[in-house]
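Notes to accompany the following structure.
The values are calculated or read from the model by the stated rules, or taken from the named source; none is laboratory data. Bear in mind the structure is a predicted one, so any value in this text is a computation, not a measurement. A quick note on method: Cβ atoms are made from the backbone with ideal geometry, for glycine too, and the neighbour counts reach across all protein chains shown. Only protein heavy atoms, including side chains, enter the accessible area calculation; ligands, DNA and RNA are left aside. Shrake-Rupley method; radii C 1.70, N 1.55, O 1.52, S 1.80 Å.
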Amino acid sequence: MSGATARFSSLGAAVPGIALLVAFGVVPLAVLTVTALGLGATGAGEEPGLTLDNLTQAVTSPRLRQELVASVVVGIGSVLIMLVAGIPLTLAMSRHGGQVGHGRLTSVVFTLPIALPGIVVGFFTILMLGRTGIFGQVVPALGGAAYTLPGIFVAYVYFSFPRVIGPLQAAMSTFDHSLVDTARTLGASRARAFVSVTLPVVLPAVVQVLGTAAAVTIGGYGTIATLAQSERLLPLSVADRLSNGYQVASASGLAVVLALLAAGTLAVSRLLSAWLERRLR
Amino acid sequence: MSESGLVIDDLSVDYDSTRAVSGLSLHVPDGQTLAIVGPSGCGKSTVLRTIAGLTRPAEGRVVVGGRDLTHVPASARDVGLVPQNYALFPHLSVRGNIEYGLKARGVDKVARREAVDRLLAFTELTPLAQRRPSQLSGGQRQRVALARAMAIEPSVLLLDEPLAALDPQLRGAMRRQLLDLLGATTSINVIVTHDRHEALSMADVVAVMRDGRLVQAGSPRELWQAPADAFVADFLCGATYVDVVLDQDAVHAFDGRWAIPYAAVDAARPATGRARGRLLLRPDSLVLSEHRGTGTVPALVRHAEFVGESTLVTLEVAGTAVSVRTDQPVTTGTTVHAGLAGRPVAHPHPEEIAA
């Protein structure tokens, strides 16, 4: 009796969440997929009727394929670079009780970019690496680098900074530093202790952070919108298809591909993380 | 310089701006076990980390077997550490954990296997060699941590609160087992604990620390018989020092409220006049009675706690709290009369003998 009451009340609590999920998740995705298959609305110069072309164009069109590859490389690569810098930093912060140097201030500084939208990050990159950017004035070869793939890469490293550091800090706060201390007394160098003890223990959390941050970065539009002159990433094409002649079916196809890419990155990282976690037990 | 054993020489350690350990000097001969005991925050764990090389001292030296380790990194010290939570590597098997130090030291595979097999047998872990730490009980984890530290054949073996992580019911048995295991080692063992029973039963040398300083060091029996001050008496023996005045008639305590005849106490009458001293009252030093008698003092029962084999009583005599263990039933809030059970020693203050 009381069990039934409890189930009933917990169902009631879940209703708003489920309703939101259906309204803003399931329904749009279904409409998007239907449109991508040519069965929904079509835009200028688009033929109605069942077709897979809108979905496969991301692979069949050389230009879109290049954008797809660049999106994945920039999305995962920039997060990887952030991890290389972030793991030692967050480990040091957790060893000193969340404080490195002047503690709270550092913590604020390191998570500050979370308040900065992608478009602002792109703008920053132009100020630094644009044709008249600060770095370009000192080293002429760097002028205009913001619009090349390496420049975009740098921008996304900055973009992923808080998306990596924040979750990483949470994951590392529970790291047991006596593991490293013990490894050191057993004769391990700092490097050996890091590779043979720290890394295997934190890897499940790191993989999960990588997946979540990469999924966000792959779909990030604002940064590339400010930096796209010669190089392009996939989110830009989704927006362009809509704004240039309302090619809604084509845009939907690319949007589905982009969503699957981000969701896939997340799913793969979760699975890998769970598998690694099981190996720790 | 040829100093054998472990020498801690005028050691001071700072954490940020606070001095955690101040001017600590200790000597532990080869093969002996030192227990550092004190309340939490007394600096005992800091001493352990400094011996291990995990914390850098502000001043002083750590010398083992004549070798000054003060500036030697932790990885080159030959000091084994068993941390409080055991810190077993969760991603390695029991064998992998024990093998870790030997691998780090570049010991070849055959020698490694031999050494680990020997330690597994020694700590009775052979059937569990392939298990992960998460599949072990607390006692088994402790033995893995011990075997892992012993594998590198350390000259000093450090144990941080070795029994604190275990269920209280297990501690007695684990303490005996740990003693047997440590007895078989040739290293100098240093145990940090806040438990006086552990310190007294496991160590050859006990060092009592308070607020970063050494209060007293000596054999367990020396400390038990003559605690240096009220803190050591309370912490290590659960006893109270009471100031007394010795005159020609009796030993007087509690501002003259209690006159103890010389027949009841082991003390020499001063040659002339009066002398000051102090009397160590242990929980079993006093007998309680409902009636006033010769050499008794009235006392208020503040707390009475029945624990089965006896009742633990806190008495208040002239504002001083005294612990007593008694067989008799007593009631909180009543007044009882306390007299000496045996003949405790009244320690004279030689420097304060008054004419």
Evaluate the following for B:R276: is it of a type in the set (D, E, K, R), surrounded by 15 or more Cβ atoms within 10 Å (Cβ to Cβ), at pLDDT 90 or above and not assigned by TED's automatic domain parsing to the domain that holds B:L200?
no
A:G86 versus (1) buried (at least 19 other Cβ atoms within 10 Å of the Cβ); (2) under 20 Å from the mean Cα position of the chain (by Cα); (3) over 30 Å from A:A171 (Cβ atoms): which is the lone unmet condition?
(3)
Can you pull out the residues in the range B:332-355 that are open to solvent by 60 Å² or more (accessible area, probe 1.4 Å) and modelled with pLDDT of 90 or more?
B:T332, B:T335
Right, A:G211: more than 14 Å from chain B (Cβ to nearest Cβ), out of contact with any Gly (no Cβ under 9 Å at 6 or more places or on another chain) and at pLDDT 90 or above or not?
yes
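Of all residues being outside any helix (DSSP H, G or I) and not hydrophobic (A, V, I, L, M, F, W, C) in the range A:47-83, which is surrounded by the most Cβ atoms within 10 Å (Cβ to Cβ)? Just the residue, please.
So, considering only residues that are outside any helix (DSSP H, G or I) and not hydrophobic (A, V, I, L, M, F, W, C), the one surrounded by the most Cβ atoms within 10 Å (Cβ to Cβ) is A:T51.
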Is it true that B:R49 is part of a loop (DSSP other than H, G, I, E, B), among the charged types (D, E, K, R), open to solvent by 30 Å² or more (accessible area, probe 1.4 Å) and within 14 Å of another protein chain (Cβ to nearest Cβ)?
no
Name the helices (runs of 4 or more DSSP H) wholly inside the range B:74-171 in which the number of residues that are surrounded by 17 or more Cβ atoms within 10 Å (Cβ to Cβ) and either small (G, A, S) or in contact with a strand residue (DSSP E or B) (Cβ under 7 Å, 6 or more places away or on another chain) (or both) is 2 or more.
B:94-104, B:138-151
Any residue in the range B:242-260 that's surrounded by 18 or more Cβ atoms within 10 Å (Cβ to Cβ): show its pairings with residues that are assigned to a loop (DSSP other than H, G, I, E, B) and among the hydroxyl-bearing types (S, T, Y) at Cβ separation under 8 Å, as long as the two are six or more apart or on different chains.
B:W258/B:T296
Can you tell me which of (1) closer than 18 Å to A:T185 by Cα; (2) at the interface with chain A (Cβ under 10 Å from one of its Cβ atoms) is the one B:T70 doesn't meet?
(2)
Checked against (1) touching a strand residue (DSSP E or B) at 6+ places or on another chain (Cβ under 9 Å); (2) over 30 Å from B:L178 (Cα atoms); (3) not in a strand (DSSP E or B), B:A199 satisfies every condition except (2)
